[in-house]
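The values are calculated or read from the model by the stated rules, or taken from the named source; none is laboratory data. This structure is a prediction, so every number in the text was calculated from the model and none was measured. Note that we place each Cβ from the backbone using ideal geometry, even for glycine, and neighbour counts take in every protein chain shown. Keep in mind that these areas ignore ligands, DNA and RNA; they rest on the heavy atoms of the full protein, side chains included. Shrake-Rupley method; radii C 1.70, N 1.55, O 1.52, S 1.80 Å.
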Amino acid sequence: MLVLMGMSPSLMVMGQEPIYGGIMHTPLSADAHALNPFSWTTTYEAYVIWHIYDPLVRLDLENQAYACIAESWSHSTDFSEWTFVIRDDVYWHDGEKLTIDDVFYTYNLNWNDPDIPRRSWLFDEITELEVVDNTIVITFGWGPKPADVLYDLATTLIVPEHIWADIDLHDYANDVNPIGSGPFKFVEWERAQFFRLEKHDQYQFPIYIDGKTIPIISEVEAAFYALAGGDIEVMANPPPELESAAEFYNASVHTSLNDYWVYLGMNQRRYPNNVTEFRQAIMYGIDRQEIVDVIKYGRGAIMPASCNLPWGTYYNEEAKTYDYNITKTIEMLDDLGWVDTDEDDIREDGLGNPLEFDVIVSADAQESVDTVKFIKTYLEPAGIQVNVVPIIWDVLWTTVGGTGDEANTWDYDWAVLGWVGFWSDFHPSSFYWLLSADNWWGSNAVNIPGWNSTVRTQVTDLCELVLYETDEAVVADLIDQIQVLVAEDLPYLPLQVNGGTYLYKTDEYKGWQLGPTDGPDNYFTWLSIQLISPPESGPGYLALGAILALVITVGLIKFRRRRD
Amino acid sequence: MTLLEVKNLKTYFHTKGGSVKAVDNVSFKLGKGEVLGLAGESGCGKTTTCLSIMQMVDFPGEIMEGQIMYENAFEVIDEDRKKSLRDRILNRNPGNEKRTRNLLEFSEAEMRRIRGNHISMVFQGAMNALNPVHRVGNQILEVLNIHEPELEKEDAWDKVIDILETVGIDSARARDYPHQLSGGMKQRALIAMALVNNPDIVIADEPVTALDVIVQSQVLKATKELQRKFDLSMIMITHDLSVIAEVCETLAIMYAGKLVEYGDLRTLFKEPFHPYTQALINAFPSITGPKKDLFDIGGSPPDLRNPPEGCRFHPRCPKVMPICSKKIPSETPIKNGFVACWLYEEEEK
Amino acid sequence: MGLRGYIAKKIFFALIAFVIAITVVFFLYHVIPGNPANIFATDRTVNPEQRENLLERWGLNEPLWKQYGIFLRNLLQGDLGFSYLHKLPVSEVIGISLPWTLLLLGTSFVLNAVIGIFLGAFVAWRRGSKLDTGFVLTYNFYNAIPLFFVGMLFIALFSFYSRKWGWPFYFPAYGAQTAGSSEWGFFPHLVDILWHLVLPLTVLTIAGILGWSWFMRGNLINILTEDYIKTARAKGLNENQVLYRHAFRNAILPVVTNIGMSIGGLIGGAVLIETVFSYPGTGRMLYEALIRHDYPLVQGAFIIISGLTLLGLLLAEIVYGFIDPRIRTS
């Protein structure tokens, strides 16, 4: 029996009556390099590509899936067979109609080519792929959960067969004039300068603006002055010192949380980092709220110790939270019997070595370096000596095992690192990637080297269960258990989730109509921006030209007279 | 006949530590065809005296007072000024328009007509006195281009070749660059440059100092010959008395910005009056004269920002008297010249 | 040895230097830590197997000497490699940003050198005057402020406050042209490009002129103490004649060398200014290639930079040979 799960996007019906029209200018801080839906590498590329191409299913502002190219979807009760019905009113930017063949072509391509970098891990689990009328039927060897299928597999961007059929994917072509079926048509890309996109008139949903110009503005202060001056209308992450003056420039601030979180990694291959009570003591001793408030200028939130982002359906509020309590830290260290025996104000661990730790951190990331400096001052009164060791990212990444080098010695005490892309509020299998010992990312090799307690075995088993469990209630319960275990055992010491801030000109836009949650921003945000009045056009250089001409003429006349 | 007369010349350098009295009340005369040697230790003001004559004292130097009377100065005066001057002079003293004038009253433009044309200067050739990026011949030609603009190009070039041959440089070398010439040839080229426009006076500033002895004597010999040939008046600055002995007729000895003795070369060499002159001549070995011990002048020249009271030489003078440190000695006439020393002013005292 | 022999010798040495330079560039960049696979490293959707495949495709898992051999062979065929960041041939990537850099830095360079040399001569000639003191103060003041700060100040003032205060003109805060201006027709497009050029060019050129004239001033002040300047004055030359016929030509000799050396630097660009003004030049492109470990692009750019630097030096030495007889005739 098939269960129908299709739904339509919710954001369109919210808020006031929109005013249509106008070109929106919003900058990127760096250029894309290739507009290829199969191999993009940076968020800048993704940003542009996701304007141009559409997947079967997109996420709305509340991170709920809604049908995009698909009209609806359904699955068998054991989740092993998935069927997507394709809309009849979708057109490519070149006017061709999007058919089920295009969808099949794209999925088949991904299924058969493991070299495609932007390929969902679920393609490896597909056993059969077939087209029935205007539906595509995907069969898996087992039943992956809806969240994984919808957010991971169904977000694969669909490309037109009539363009890509003749192209060798490995040549990374088709970034000259990409044709997609997304809300915006590609018009022009001057490398390192700007993108121009225009509204796709045949798009299946309403689009408020006529087009988007995306200039590359590499300096955030310059972008701010461009916004204040009226050259651009929306910008991300304005300089904090200027953000407070936003109102003065007729701009409004919108903040959101990103799915990027930062943690303190304690190398558990080394004593005493592998002592759970010690990790807990450290966790109590870090004022994470102050780090958010001071270093992140309030842009962000404390990351729960359970490694689960603090919103969404799976968040377990009962897991341990480790509110800042330095007295508790001191108590716990005393309980361990690790006291200062040689009166140098640094405690000694169970083996008699001083509690002195080097923290490696990426020298490029000033915020992370500052975070470590804060941690240093927090732990000083508890008799723990922390040394800040900023190093270049490559060395940091190699040292913590990120390159998978087998000769690695994990020669470090602590490190400050971050995770991006774990949408754990709605994506249950993310725990598998993050924590399971069976997975490379969560393995002994990288990120949590040396985490070898019985808790790890338990968590790995639970993650496995989550991956294959189909009953939603059971999944939720399993994830709750994982969170409690993780928060207790602390393989990671999560610090904060980073936040994003946007400025938009209130004299030109009403801004976003956001859902009730403070959830992460996503690629679909631009569709919900509403124009109040079209931005003024007409650069000031005509006036300038006139003035220059006048000055030159007067100068020439004077000069001539003088010569006479 | 006096061609150039320097009267009470004072040239000071204004520095942060006070004024350096580099030339302090110097007077001398230079006759037609006369070769005057100006000798003294380094830093005594010899060069500054000559640069003052040329009015080429660099900032922060300034000619404070004095007169530099030059006999043929009238013709370089600007036409309009000349006319008014002529009217005045003729009215007062008819028929005497070729009058001696004070160069210090001249404008910069007028002085430019003096330099290289009436009075030219020869610098040390072994140093960088020739511009390294221009051909030697062209550098000499430049003098003619400035002062004789009406001269045809070929004629001017012929003159350059002539003068080069006169000083003993092969005409083919006119197209050479300075670095291709030897030290002696560079010095000859500089002399040629000074002579090419038939000046009245040539001032030579240490012309042979950096050359080796044999080349020195060749150059000096040539200089002397040319001086005789053109009947030049010359001022020869040097700290080397042997140079002076070879070419000069009169000798002025300078010490700390002042002339201490002036007179006929032979007399001076034979019978120096001033203790400083005596010391200088004793410090200089004579090959032909009787053998004697070389004499070293003790001490060092005074700081000219704060020269000693009275006679400036008195702190080093072997014959110092109480009066020496109190009053500046005046110039006492001696045979063909004067000496500024209290030893010879006794009767006046 | 005549001029011809001199030039031949210089070309020979320039070629040797070039070979050494490209070898150093190749090995230096391959031994410092970092690995292009890191582009994908933080991304969980790229697993280690895929990374290995990518390395293999890009030839990065070959031994170093073999990579060097391939590199030399390709270079001889004029192939600078393939940028895996831009997914384009290196020459094409450089070709995209080079015109903008040449427009900005080339214009600035010419203005700097020409105005700087004459301004430097002018103030050196009036050494100690109020003008000179003013120049020295300005130079030190401007040099004490970081260039990006000046840039930002210009942006705030001429892009934002000019509009806020209602001045009759303003300049754009970013970019080299208005998006879509290429469709306006030739002349409006040109005006638009020039309009965007004003601010970065001004900031660069003020700094450049001050720098060049400082250099020239120093040279000329040294030259003016030389004996041949006295000789020239003693000839009766006027001050202008002394300056231009005698002092200038000698003072300009080191400037020629400097100009030659700076030509290669043009490609390296002005990273700070290009970043502040979001100008699409080679400096920014190269900077990004460096931090993202795009070996071929960095290599290609360095090869061009070292080639052009050596070429510039060679030209400078040849010009030197013409204007300095000491070199030509010895």
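Numerical summary
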{"read-out": "Of all residues making up segment A:178-226, the number that are within 24 Å of the chain's Cα centre (by Cα), among the acidic types (Asp, Glu) and assigned to a loop (DSSP other than H, G, I, E, B)", "value": "1"}
{"read-out": "Restricting segment A:129-151 to residues that are of a type outside the set (Val, Ile, Thr), open to solvent by 20 Å² or more (accessible area, probe 1.4 Å) and more than 11 Å from A:TRP82 (Cβ to Cβ), the residue that is nearest to the other protein chains (Cβ to nearest Cβ)", "value": "A:TYR151"}
{"read-out": "Number of the exception - A:ASN108 against (1) free of Cβ contacts under 8 Å to residues at least 24 places away in the same chain; (2) open to solvent by less than 10 Å² (accessible area, probe 1.4 Å); (3) of a type outside the set (Lys, Arg)", "value": "(2)"}
{"read-out": "Breaking point among (1) under 27 Å from A:THR506 (Cα atoms); (2) crowded, with 19+ Cβ neighbours inside 10 Å; (3) within 12 Å of chain C (Cβ to nearest Cβ), for A:PRO239", "value": "(2)"}
{"read-out": "Residue list for segment C:191-204, filter: surrounded by 19 or more Cβ atoms within 10 Å (Cβ to Cβ) and more than 8 Å from chain A (Cβ to nearest Cβ)", "value": "C:HIS196, C:LEU197, C:LEU199, C:PRO200, C:LEU201, C:VAL203, C:LEU204"}
{"read-out": "Index of the failed condition, C:GLY321 passing every other in (1) under 16 Å from C:LEU80 (Cβ atoms); (2) open to solvent by less than 50 Å² (accessible area, probe 1.4 Å)", "value": "(1)"}
{"read-out": "Matching residues in segment C:154-168 - criterion: being within 9 Å of chain A (Cβ to nearest Cβ) and either in contact (Cβ under 8 Å) with a residue 24 or more places away in the chain or hydroxyl-bearing (Ser, Thr, Tyr) (or both)", "value": "C:ILE155, C:SER159, C:TYR161, C:SER162"}
{"read-out": "Output for segment B:260-287, where each listed residue is assigned to a strand (DSSP E or B) and touching a Leu at 6+ places or on another chain (Cβ under 9 Å)", "value": "B:GLU261, B:TYR262, B:GLY263, B:ASP264"}
{"read-out": "Enumeration of residues in segment A:200-227 that are open to solvent by 10 Å² or more (accessible area, probe 1.4 Å), in contact with a strand residue (DSSP E or B) (Cβ under 8 Å, 6 or more places away or on another chain) and within 10 Å of another protein chain (Cβ to nearest Cβ)", "value": "A:THR213"}
{"read-out": "Count - residues of segment C:175-190 that are open to solvent by less than 40 Å² (accessible area, probe 1.4 Å), closer than 26 Å to A:SER218 by Cα and not in a helix (DSSP H, G or I)", "value": "5"}
{"read-out": "Candidates C:ASN74, C:ASN112, filtered to the one that is away from chain A (no Cβ under 14 Å), of a type in the set (S, T, N, Q) and out of contact with any helix residue (DSSP H, G or I) (no Cβ under 9 Å at 6 or more places or on another chain)", "value": "C:ASN74"}
{"read-out": "Those residues of segment A:323-369 which are more than 30 Å from A:VAL497 (Cα to Cα) and open to solvent by less than 40 Å² (accessible area, probe 1.4 Å), in sequence order", "value": "A:TRP338, A:ILE346, A:ARG347, A:GLU348, A:ASP349"}
{"read-out": "Close pairs (8 angstrom Cβ cut-off, 6 or more residues apart or separate chains): at negative phi in segment A:342-365, of a type in the set (Lys, Arg) and not in a loop (DSSP other than H, G, I, E, B) anywhere", "value": "A:VAL359/A:LYS376"}
{"read-out": "Members of segment A:370-409 that are free of Cβ contacts under 8 Å to residues at least 40 places away in the same chain, open to solvent by 40 Å² or more (accessible area, probe 1.4 Å), within 22 Å of A:PRO272 (Cβ to Cβ) and assigned to a helix (DSSP H, G or I)", "value": "A:LYS376, A:THR377, A:GLU380"}
{"read-out": "Residue list for segment C:257-297, restricted to those being β-branched (Val, Ile, Thr), more than 14 Å from chain A (Cβ to nearest Cβ) and crowded, with 19+ Cβ neighbours inside 10 Å", "value": "C:ILE259, C:ILE263, C:ILE267"}
{"read-out": "Meets criteria (open to solvent by 20 Å² or more (accessible area, probe 1.4 Å), touching a helix residue (DSSP H, G or I) at 6+ places or on another chain (Cβ under 7 Å) and part of a helix (DSSP H, G or I)) for A:LYS320", "value": "no"}
{"read-out": "Candidate set from segment C:220-256 (those that are outside any helix (DSSP H, G or I) and within 13 Å of B:ASN128 (Cα to Cα)); member that is nearest to the other protein chains (Cβ to nearest Cβ)", "value": "C:GLU226"}
{"read-out": "Checklist (1) modelled with pLDDT of 85 or more; (2) open to solvent by less than 20 Å² (accessible area, probe 1.4 Å); (3) among the small types (Gly, Ala, Ser) applied to B:GLY125, failing item", "value": "(1)"}
{"read-out": "Residue count for segment B:104-117, restricted to those that are closer than 19 Å to B:GLU65 by Cβ and touching a helix residue (DSSP H, G or I) at 6+ places or on another chain (Cβ under 6 Å)", "value": "0"}
{"read-out": "Unique residue being of a type outside the set (Asp, Glu), closer than 23 Å to C:SER278 by Cβ, open to solvent by less than 30 Å² (accessible area, probe 1.4 Å) and more than 10 Å from chain C (Cβ to nearest Cβ) when the list is A:PHE184, A:PHE195", "value": "A:PHE184"}
{"read-out": "Hey, C:LEU153 open to solvent by 70 Å² or more (accessible area, probe 1.4 Å), part of a helix (DSSP H, G or I) and at pLDDT 90 or above or not", "value": "yes"}
